[in-house]
Amino acid sequence: MGSRMMHYAIAQQLAPESTAFSIGSLAPDVSGHNFDFKSQTHYMTLNEDGKTRSIHPETFAEEYQRQLLSDMFVRGYYAHLLEDKVWLDTVFNPFIRPQLNTQRDQKLAAYYADFHTLNLLIANHHKLQPLSVPDSAHDFTVVHEIGDGDVMQVVKDLRDDFEPVPKRQLAMLSFDQIEQYINTCVHVVQDHLSGLK
């Protein structure tokens with residue numbers, strides 16, 4: 001699924017004045033590498049093949065229908081789920097998953113290394129700055145799948161994404177592919193948010 005920096009770049013195009021929206025757009029990733037927790041925060045279900053999972057932003061939208069109309073953090077969280085669904089449908093499943101049939105561990109390592117390589121390319125291209133943690137506490141626990149402290153940790157993790165990494169060639173992803181993904185997500189999320197009632 002998309003990286004923190006990708007989600008942040010999308011959030012800054014959708015709601016540049018709203019820190020709460022940007023934080024919400026990072027919030028589902030508080031789960032880190034805990035896959036069971038990630039399934040919870042991302043509203044995922046196991047597919048019939050017993051191996052892959054699907055994301056259900058519509059389930060989140062039904063559960064938080066009232067808050068989605070006015071709470072920017074909740075809107076950002078919903079945006080993240082929509083973006084990860086786009087990632088699975090347009091990047092991971094068609095381009096990455098087929099390559100994992102051989103040398104899976106090596107290719108997954110290269111895939112995640114590409115995320116680190118892409119961070120500063122995305123940040124520089126979109127003129128992004130690290131996200132400041134707000135002094136006034138927004139009630140991030142309005143989304144009951146996560147805790148308040150978890151959210152502050154993912155904001156700190158985004159700050160670390162601005163740190164330079166050793167130069168390397170992209171192996172599994174391309175910058176143009178990521179820019180296309182970001183642009184697609186901006187339109188998809190705008191359409192879904194404008195359609196809320």
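The values are calculated or read from the model by the stated rules, or taken from the named source; none is laboratory data. Keep in mind that what you see is a predicted model, and the values were worked out from it rather than measured. Using ideal geometry, Cβ is built from the backbone for each residue, glycine included, and neighbour counts are taken over all protein chains shown. Remember, those area values only see protein heavy atoms, side chains included, never the ligands or the DNA or RNA. Shrake-Rupley method; radii C 1.70, N 1.55, O 1.52, S 1.80 Å.
Taking a threshold of 21 Å on the Cα-Cα distance, which of the pairs Lys107/Lys167; Lys127/Lys156; Lys85/Lys156; Lys38/Lys156 fall above it? Where the Cα-Cα span goes over 21 Å, the pairs concerned are Lys85/Lys156.
Membrane-span-like helices in the chain: DSSP H runs reaching 27 Å or more (Cα, own axis), mean Kyte hydropathy at least 1.0?
Values: long enough: 104-125 (31 Å, -0.27); 175-194 (29 Å, -0.15).
Correct list, ordered by number: empty.
Could you report segment 1-107's accessible area per residue, 1.4 Å probe, as an integer in Å²?
Details: 5000 Å² over 107 residues.
Heavy-atom SASA per residue in segment 1-107 reads 47 Å².
Projected label points at Asp160 and Asn93, each 7 Å from Cα along the beta carbon direction, are separated by 3.1 nanometres. The loop-placed GluC sites (Glu not before Pro) in segment 1-61, going by DSSP, that have at most 11 neighbouring Cβ atoms within 10 Å of their Cβ come out as Glu17, Glu48.
Run through segment 42-135 and list the trypsin sites (Lys or Arg not before Pro) located in a DSSP loop whose Cβ has at most 16 other Cβ atoms within 10 Å.
On the way: sites: Lys51, Arg53, Arg66, Arg75, Lys85, Arg104, Lys107, Lys127; in loops: Lys51, Lys127.
The qualifying sites are Lys51, Lys127.
Rounded to the nearest 20 debye, what is the charge dipole size of segment 43-155 about its Cα centre when +1 sits on each Lys and Arg Cβ and -1 on each Asp and Glu Cβ?
Working: 9 positive and 16 negative charges, 106 e Å.
The dipole magnitude comes to about 500 debye.
Each Lys or Arg adds one and each Asp or Glu subtracts one; over the other residues with Cβ under 14 Å from the Cβ of Gln67, this totals -2.
Suppose every K and R has +1 on its Cβ and every D and E has -1 on its Cβ; what is the size of the dipole of the chain about the Cα centre, in Debye to the nearest 20? Provide the component values of the computation, followed by the final result.
Working: 16 positive and 26 negative charges, 107 e Å.
Dipole size: approximately 520 debye.
Tally Lys and Arg at +1 and Asp and Glu at -1 over the other residues with C-beta under 10 Å from the C-beta of Thr117: what net charge comes out? Around Thr117, the surrounding residues sum to +1. Quick one: if the Förster radius is 45 Å, what FRET efficiency do Gln65 and Arg104 give, using the C-beta to C-beta distance and rounding to 0.05? Result of the calculation: an efficiency of 0.70. Per-residue Karplus couplings for segment 93-102, computed as 6.51 cos²θ - 1.76 cosθ + 1.60 with θ equal to phi - 60°, are listed in order as 5, x, 10, 8, 3, x, 7, 8, 5, 10 Hz, Gly and Pro entered as x. Evaluating kT/(6 pi eta Rh) at 10 °C and 1.306 mPa s, with the Kirkwood radius of the chain over Cα pairs in the Stokes-Einstein relation, gives 93 µm² s⁻¹. Amide hydrogen proximity for Arg53: with H placed 1.01 Å from N in the peptide plane, the residues at 5 or more positions away or on another chain lying under 5 Å are Asn47.
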